[in-house]
Amino acid sequence: MTNDILQQLAEVLQARKQASPESSYVASLHAKGLNKILEKVGEESTEVILAAKDAERSGEMRELIGETADLWFHSLVMLSHLGASHEPVLEELARRFGLSGLEEKASRGKG
């Protein structure tokens, strides 16, 4: 089911690249260019961090879930803008499955 949602969203995002910026939020982001999309990804990242801190204190996850959805959405817009999709990201996650995080990090040369 989850991959179906991602596929449906990818199709909508692709279609919105061709839409009028006045009629679609996603089209307006594409029209403003990569820097604007990256700005939104950055904003949403910060909001996820703040919501996670609040969730830790309160135990309430609703805001964190919503902010994470916003971050994922804007990340998908970024990928779409660059002509990529969610599929290689899922493939990369699948490749990493079963590796320890330390092994995976070492394989990328990041310490």
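Condition check ((1) acidic (Asp, Glu); (2) not in a helix (DSSP H, G or I)) across all residues:
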residue: Gln7; (1), (2): no, no
residue: Glu11; (1), (2): yes, no
residue: Ser20; (1), (2): no, yes
residue: Ser23; (1), (2): no, yes
residue: Ser28; (1), (2): no, no
residue: Ala31; (1), (2): no, no
residue: Lys36; (1), (2): no, no
residue: Val41; (1), (2): no, no
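Would you be able to tell me the number of residues in region 71-91 that are part of a helix (DSSP H, G or I) and open to solvent by less than 60 Å² (accessible area, probe 1.4 Å)? Walk me through how you get there before you give the answer.
Applying the first criterion (part of a helix (DSSP H, G or I)) to region 71-91 yields 71-81, 86-91.
Cutting the leftovers down to open to solvent by less than 60 Å² (accessible area, probe 1.4 Å) gives us 71, 73-81, 86.
Qualifying residue count, region 71-91: 11.
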Testing Ala27 on (1) open to solvent by 30 Å² or more (accessible area, probe 1.4 Å); (2) without any contact (Cβ under 8 Å) to a residue 12 or more places away in the chain, one condition comes back false. Which one is that? (1)
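If you scan region 51-70, which residues turn out to be assigned to a helix (DSSP H, G or I) and either free of Cβ contacts under 8 Å to residues at least 12 places away in the same chain or within 12 Å of the chain's Cα centre (by Cα) (or both)? Step through it out loud before you land on a result.
Of region 51-70, the ones assigned to a helix (DSSP H, G or I) are 51-58, 62-70.
Once the filter is applied, which keeps residues that are assigned to a helix (DSSP H, G or I) and either free of Cβ contacts under 8 Å to residues at least 12 places away in the same chain or within 12 Å of the chain's Cα centre (by Cα) (or both), region 51-70 yields Lys53, Asp54, Ala55, Glu56, Arg57, Ser58, Arg62, Ile65, Glu67, Thr68, Ala69, Asp70.
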Checked Asn35, Asn3 against criteria (under 23 Å from Glu91 (Cα atoms) and either touching a strand residue (DSSP E or B) at 6+ places or on another chain (Cβ under 7 Å) or surrounded by fewer than 16 Cβ atoms within 10 Å (Cβ to Cβ) (or both)); the one match is Asn3
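The values are calculated or read from the model by the stated rules, or taken from the named source; none is laboratory data. Bear in mind the structure is a predicted one, so any value in this text is a computation, not a measurement. Because the Cβ atoms are built from the backbone with ideal geometry, glycine has one as well, and the counts that use them run over all protein chains shown. The protein model used for the area step is the full one, side chains on, heavy atoms only, and it has no ligands, DNA or RNA in it. Shrake-Rupley method; radii C 1.70, N 1.55, O 1.52, S 1.80 Å.
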